[in-house]
Amino acid sequence: MAAPKKTAPRGRPPSITRERIANAGIAMTLPGLSVVGVAAALGVSHIALYKHVANLAALRELVAEAIFERWQAPPLEAAGQRSIEEDLRAFQCSLRTLVDGNPGLAPFLVSHGAKTPEMLARIQRHHAEFSRVHGLPLEQAAWLLSTVAYHAVALADTVYSRHAVVDTTRRPLDRKAQEAEFDRSMEALIIGALAMCGRTAT
């Protein structure tokens with residue numbers, strides 16, 4: 001009597017959703033991202049994953065977009081209880097935290113043409129709200145926020161990056177001094193940018 005044939009266990013294959021792809025990608029970090037790695041984390045084949053993302057570049061965009069979507073810019077007080085300088089300071093601190101926690105994200109925030117349409121739409125909404133709260137022309141509000149954002153992100157990802165390998169053979173790295181230096185440079189930028197817009201920092 002022949003032994004009965006074994007049948008493959010039935011059940012739904014693991015679902016592939018944008019959220020699950022993003023979660024797996026964020027866990028891997030953008031620099032370590034790979035189609036095969038994300039597929040393995042999801043428990044699917046890389047062929048199945050390619051039905052949802054065309055290539056590695058598209059996967060990186062999806063993950064970067066998801067990171068940005070989950071970030072919340074500091075809320076703006078509708079009554080304008082905080083000064084414009086305070087809001088810009090909180091904005092740059094929030095962006096630095098975002099970049100520190102997500103290596104590889106900075107190029108998507110500062111490189112020309114790297115932002116996705118969804119990222120751009122969210123940025124424009126923030127510009128409009130900032131303009132309304134602080135009584136600025138939209139173009140001026142957009143310039144202020146973009147200038148502060150560009151420098152905060154670029155510096156946090158390069159000169160003051162917490163992920164960079166630092167040679168401490170000549171002198172030890174003083175993180176507190178580095179933090180203070182970063183804050184002073186951003187404060188100078190904010191004061192100067194406000195002056196160019198005819199505003200005085202408080």
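Laboratory data are not the source of any read-out in this text; all were calculated from the coordinates shown. Quick caveat, the model's predicted, so the values are computed rather than measured. Using ideal geometry, Cβ is built from the backbone for each residue, glycine included, and neighbour counts are taken over all protein chains shown.
Quick notes on this structure:
- Based on C-alpha pairs under 8 angstrom that are at least 6 apart in sequence, region 18-68 has a relative contact order of 44 percent.
- With Cα atoms, 0 to 90° folded angle of helix 18-28 axis to the chain main axis: 80
- Shape call, the chain: gyration tensor on alpha carbons, a/c limit 1.5: prolate
- Distant-in-sequence amide H partners of Ala73 (H built 1.01 Å from N, under 5 Å): none
- Peptides 86-93, 185-192, 30-37 ranked from most to least packed, by the mean per-residue count of other Cβ atoms within 10 Å: 86-93, 185-192, 30-37.
- Dividing the helix sum by the residues of the chain, where each DSSP H run of 4 or more adds -39500 (n - 2.57), gives a mean residue ellipticity at 222 nm of -19000 deg cm²/dmol.
- Couplings 3J(HN,Hα) for region 117-124, derived from phi with the Karplus relation 6.51 cos²θ - 1.76 cosθ + 1.60 (θ = phi - 60°), are x, 5, 5, 4, 4, 5, 4, 5 Hz, where x marks Gly and Pro.
- Taking every C-alpha pair closer than 8 Å and separated by at least 6 residues, the mean separation divided by the residue count of the chain gives a relative contact order of 20 percent.
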